[in-house]
Amino acid sequence: MSTAAVPFPPGFLWGTATAAYQIEGAVHEDGRRDSIWDTFSHTPGKVTGGDTGDVAVDHYHRVAEDVALMAELNLAAYRFSIAWPRIVPAGSGAVNRAGLDFYSRLIDELLARGITPAATLYHWDLPQPLQDAGGWLNRDTAARFAEYAAVVAQELGDRLPMVTTLNEPWCSAFLGYGTGVHAPGITGLATALTAAHHLNLAHGLGATALRAHLPAGSKVALTLNLAAVHAASDAEADRRAARHVQDVSNRIFLDPVLRGRYPEALLADLQHVTDFSFVRDGDLAAIGVGTDVLGVNYYSPTLVAAATPELAARAERGFINDPQSASGPMPYPGTDLAFALPQAGPYTAMGWRVEPAAFTELLLWVHHEYPGLELMVTENGAAYDDRLGSDGRVRDADRIAYLDGHLRAVHAAIEGGADVRGYFLWSLMDNFEWAWGFSKRFGIVHVDFDTQVRTPKDSAHWYRDVIARNALG
Ligand code: PNW
């Protein structure tokens with residue numbers, strides 16, 4: 001850890017982030033119906049330990065306590081997601097007033113404590129009835145999303161200065177419809193690309209609906225988990241594979257939204273997978289409406305090599321960089337042309353390599369490729385094997401070092417010209433970590449998953465001081 005003091009720009013927005021299915025629980029209360037994550041987590045073998053979000057960390061019943069905790073931590077902003085199946089439980093049609101009331105109370109609690117709400121409309125919890133009609137393989141899902149976006153903007157928009165359409169459509173498309181490790185658990189290359197296009201369409205139609213109904217001055221955002229790609233060697237084939245992975249994970253979303261087209265190289269590379277007939281006349285105009293803010297989520301870099309028969313023979317499946325794949329290469333989700341390679345440590349408890357410099361590079365890459373874009377770090381953080389001591393402390397020095405290093409990396413990107421307006425730490429508190437269930441802890445607040453008792457970790461006290469000084473120490 002370096003020791004030079006690092007001041008952030010005045011007004012830099014300090015926050016934490018969560019998502020509905022990961023924290024709320026109360027899955028069948030007040031009119032909420034199933035999402036694809038309820039179905040998936042209740043399918044044997046899909047989630048570590050058979051864990052589900054049925055109770056999660058009971059945030060639905062603890063909103064006042066949790067917002068009070070945020071205020072104690074000096075948070076200026078809080079990024080949460082709205083559960084589509086609470087607002088429009090059937091996916092289309094009837095609006096559920098009790099669902100709107102829950103988020104209305106949350107927003108009021110935040111505003112009463114001077115905390116800026118940053119709402120995300122879709123953090124992976126698609127209403128199950130829409131999945132039964134094809135989910136993101138059905139282009140109508142994008143139109144249903146725009147209707148839901150309009151409802152939220154009309155009902156809650158007067159108190160929402162920033163609304164994000166989608167969180168990490170890469171995960172929805174390539175983990176949900178590619179590797180199948182996320183809900184709805186479909187596998188394939190063409191399915192992942194189809195889902196990606198319909199998610200882009202959902203952003204475009206959703207952003208247009210939001211702009212029609214949000215008050216002037218409210219901002220529309222899109223959050224992407226951009227890949228920070230390194231080539232395994234200087235060989236032409238590996239550099240080409242790295243470019244391709246950058247296309248299939250970053251430009252596949254950035255280019256249609258910000259430039260109104262898919263990259264030519266991407267279309268050429270994937271001709272053997274799909275004819276792209278899911279891209280209809282008018283789609284790119286509907287998608288290319290841009291975004292006022294680009295949310296960037298970053299955890300770890302990606303190391304890429306060109307596909308070879310030898311790599312294919314050793315290939316494994318799973319998450320990129322996860323401990324199970326650290327022993328071997330894995331096909332890069334969404335393409336048969338490139339492989340993700342295991343990387344050297346240090347690692348977090350996810351098995352993800354810690355490399356802050358790649359975060360600076362990534363933010364500067366976005367800044368140079370898409371100039372003038374307002375950026376927000378909407379997720380960054382780390383899972384570690386935390387222990388709650390008998391003295392009531394969690395000594396997570398490893399997490400503090402991770403956060404300090406990555407905040408210095410954000411600062412370096414700002415010095416290099418990137419227009420980064422704020423930082424949302426993932427996560428406020430330990431929660432349901434998707435396919436890993438409760439086995440991975442990302443919080444700066446420890447949660448006892450039996451008693452639901454919240455205990456700020458050392459990192460929470462550290463972050464509180466960073467926010468108070470608007471600077472690293
Ligand atoms: C993000 N990958 O998920 C999500 O937005 C959060 O809900 C999640 O808890 C957090 O990061 C930590 O995992 C990701 O395999 C899941 O590359 C998987 C990947 C990336 C992001």
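Scanning the stretch 371-382 for residues that are open to solvent by 10 Å² or more (accessible area, probe 1.4 Å) and either over 20 Å from residue 294 (Cα atoms) or not in a strand (DSSP E or B) (or both) turns up 371, 372, 373. Does any residue of the stretch 283-296 turn out to be more than 26 Å from residue 363 (Cα to Cα), open to solvent by less than 10 Å² (accessible area, probe 1.4 Å) and not hydroxyl-bearing (Ser, Thr, Tyr)? Checking the stretch 283-296: at least one residue is more than 26 Å from residue 363 (Cα to Cα), open to solvent by less than 10 Å² (accessible area, probe 1.4 Å) and not hydroxyl-bearing (Ser, Thr, Tyr). Quick one: residue 240 ticks every box in (1) assigned to a helix (DSSP H, G or I); (2) closer than 22 Å to residue 202 by Cα except a single one, so which number is it? Only one criterion is unmet by residue 240, namely (2). Under 7 Å by Cβ, and 6 or more places apart or on different chains, what pairs join a residue from the stretch 179-194 that is touching a residue at least 12 places away in the same chain (Cβ under 8 Å) with one that is among the charged types (D, E, K, R) and more than 16 Å from the ligand (Cβ to nearest atom)? Taking only residues 6 or more apart or on different chains, the pairs are 189/336.
Every residue, every condition in (1) more than 16 Å from the ligand (Cβ to nearest atom); (2) touching a strand residue (DSSP E or B) at 6+ places or on another chain (Cβ under 8 Å), yes or no:
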| position | (1), (2) |
| --- | --- |
| 6 | yes, yes |
| 17 | no, yes |
| 33 | yes, yes |
| 51 | no, no |
| 64 | yes, no |
| 89 | yes, yes |
| 105 | yes, no |
| 108 | yes, no |
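Taken together, 66, 125, 108 contain a single residue that is touching a helix residue (DSSP H, G or I) at 6+ places or on another chain (Cβ under 9 Å), under 26 Å from residue 461 (Cβ atoms) and not β-branched (Val, Ile, Thr), which is 66. Applying the criterion of being among the small types (Gly, Ala, Ser) and open to solvent by 10 Å² or more (accessible area, probe 1.4 Å) to the residues of the stretch 184-213, the residue that is nearest to the ligand (Cβ to nearest atom) is 185. Just one of the numbered conditions (1) exposed (fewer than 15 other Cβ atoms within 10 Å of the Cβ); (2) more than 23 Å from residue 427 (Cβ to Cβ); (3) among the charged types (D, E, K, R) is not true of residue 105: (2). For the stretch 57-87, a residue qualifies if it is acidic (Asp, Glu) and open to solvent by 30 Å² or more (accessible area, probe 1.4 Å), and the qualifying residues are 65, 72. Of the residues making up the stretch 319-349, those that are at pLDDT 65 or above, within 15 Å of the ligand (Cβ to nearest atom), assigned to a loop (DSSP other than H, G, I, E, B) and closer than 19 Å to residue 436 by Cα number 3.
Go through the residues of the stretch 70-79 one by one and say whether even a single one is within 15 Å of residue 25 (Cβ to Cβ) and modelled with pLDDT of 95 or more. Within the stretch 70-79, not a single residue is within 15 Å of residue 25 (Cβ to Cβ) and modelled with pLDDT of 95 or more.
To keep it simple, each residue is scored yes or no on (1) touching a Leu at 6+ places or on another chain (Cβ under 7 Å); (2) away from the ligand (no atom under 16 Å from the Cβ); (3) outside any helix (DSSP H, G or I).
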residue: 431; (1), (2), (3): no, no, yes
residue: 438; (1), (2), (3): no, no, no
residue: 442; (1), (2), (3): no, no, yes
residue: 449; (1), (2), (3): no, no, yes
residue: 452; (1), (2), (3): no, yes, yes
residue: 455; (1), (2), (3): yes, yes, yes
residue: 459; (1), (2), (3): yes, no, no
residue: 463; (1), (2), (3): yes, yes, no
residue: 468; (1), (2), (3): no, yes, no
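Scanning the stretch 1-32 for residues that are assigned to a loop (DSSP other than H, G, I, E, B) and under 22 Å from residue 441 (Cα atoms) yields 18, 19, 24, 25, 26, 27. Residue 407 falls short on exactly one of the conditions (1) away from the ligand (no atom under 16 Å from the Cβ); (2) in contact with a Gly (Cβ under 9 Å, 6 or more places away or on another chain); (3) open to solvent by less than 10 Å² (accessible area, probe 1.4 Å), and that condition is (2). Looking across the stretch 240-272, just one residue is in contact with a Gly (Cβ under 7 Å, 6 or more places away or on another chain) and under 21 Å from residue 339 (Cβ atoms), and that is 248. Residues of the stretch 207-230 include at least one that is assigned to a helix (DSSP H, G or I), in contact (Cβ under 8 Å) with a residue 60 or more places away in the chain and either closer than 29 Å to residue 40 by Cα or β-branched (Val, Ile, Thr) (or both). Of all the numbered requirements in (1) surrounded by fewer than 19 Cβ atoms within 10 Å (Cβ to Cβ); (2) basic (Lys, Arg); (3) under 30 Å from residue 329 (Cβ atoms), residue 353 misses one, and that requirement is (1). Checking each residue in the stretch 146-169 for being open to solvent by 20 Å² or more (accessible area, probe 1.4 Å) and more than 18 Å from residue 117 (Cα to Cα) picks out only 147. Residue count for the stretch 364-381 under the criterion of being of a type in the set (A, V, I, L, M) and closer than 24 Å to residue 444 by Cα: the result is 3.
Checked against (1) in a loop (DSSP other than H, G, I, E, B); (2) at pLDDT 95 or above; (3) open to solvent by less than 20 Å² (accessible area, probe 1.4 Å), residue 359 passes all but a single condition, namely (1). When the stretch 139-169 is filtered for residues that are within 16 Å of the ligand (Cβ to nearest atom) and not in a helix (DSSP H, G or I), the ones remaining, listed by number, are 164, 165, 166, 167, 168.
The values are calculated or read from the model by the stated rules, or taken from the named source; none is laboratory data. Here the structure is a predicted model, which means the values were calculated and not measured. Ideal geometry is used to build each Cβ from the backbone, glycine not excepted, and the neighbour counts take in all protein chains shown. What goes into the accessible areas is simple: the full protein's heavy atoms, side chains included, and nothing from ligands, DNA or RNA. Shrake-Rupley method; radii C 1.70, N 1.55, O 1.52, S 1.80 Å.
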